[in-house]
Amino acid sequence: MKTEDKKAAIVAYKERKAVIGIYAVRCLASGKIWIGQSTSLDTIQNRLWFTLRLGNHPCRELQLAWNNGTSDDFMFEELERMDDEDLAYVRQARLKERVAHWRSSLGGLAI
């Protein structure tokens with residue numbers, strides 16, 4: 001890759017718009033659902049799968065389910081995308097409200 005191409009790729013990465021929202025991780029074998037929120041919804045699945053494969057995901061119950069099954073037993077699902085708020089505290093409050101809604105609706109556990 002040429003230097004100009006690398007620079008253009010870096011600029012494009014920095015200028016990309018953040019995708020904010022709520023997601024679910026479903027264990028097809030057990031039927032359990034974990035619900036989480038992210039300010040980078042487009043990259044969270046890679047981060048989750050990476051930490052689960054390494055065995056150091058902070059959600060112990062999810063990590064245990066992963067260890068007892070295979071990666072094919074798990075499904076990532078985007079539940080809701082949200083508009084990017086200019087004020088961080090408004091965005092965080094809205095995310096907190098919507099994740100609580102989804103957890104109660106689906107009977108999901110916290111990630």
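Readers should treat all values here as calculations from the given coordinates under stated rules, not as data from a laboratory. Bear in mind that the values here come from a model prediction, so they are computed numbers and not experimental data. Note that each Cβ is placed from the backbone with ideal geometry, even for glycine, and that neighbours are counted across all protein chains shown.
Observations on the structure shown:
- Only listed residue being touching a residue at least 24 places away in the same chain (Cβ under 8 Å), among the small types (G, A, S) and more than 19 Å from K96 (Cβ to Cβ), chosen from S71, S30: S30
- Neighbours by Cβ (under 9 Å, 6+ apart or cross-chain): first from the range 2-20, within 22 Å of V90 (Cα to Cα); second surrounded by 10 or more Cβ atoms within 10 Å (Cβ to Cβ) and of a type in the set (K, R): V19/R81; I20/R81; I20/R91; I20/R94
- Whichever residue in the range 77-111 is in contact (Cβ under 8 Å) with a residue 24 or more places away in the chain and assigned to a helix (DSSP H, G or I) and, among such residues, is surrounded by the fewest Cβ atoms within 10 Å (Cβ to Cβ): K96
- Residue check for E61: farther than 15 Å from A110 by Cα and either more than 18 Å from the chain's Cα centre (by Cα) or surrounded by 13 or more Cβ atoms within 10 Å (Cβ to Cβ) (or both): no
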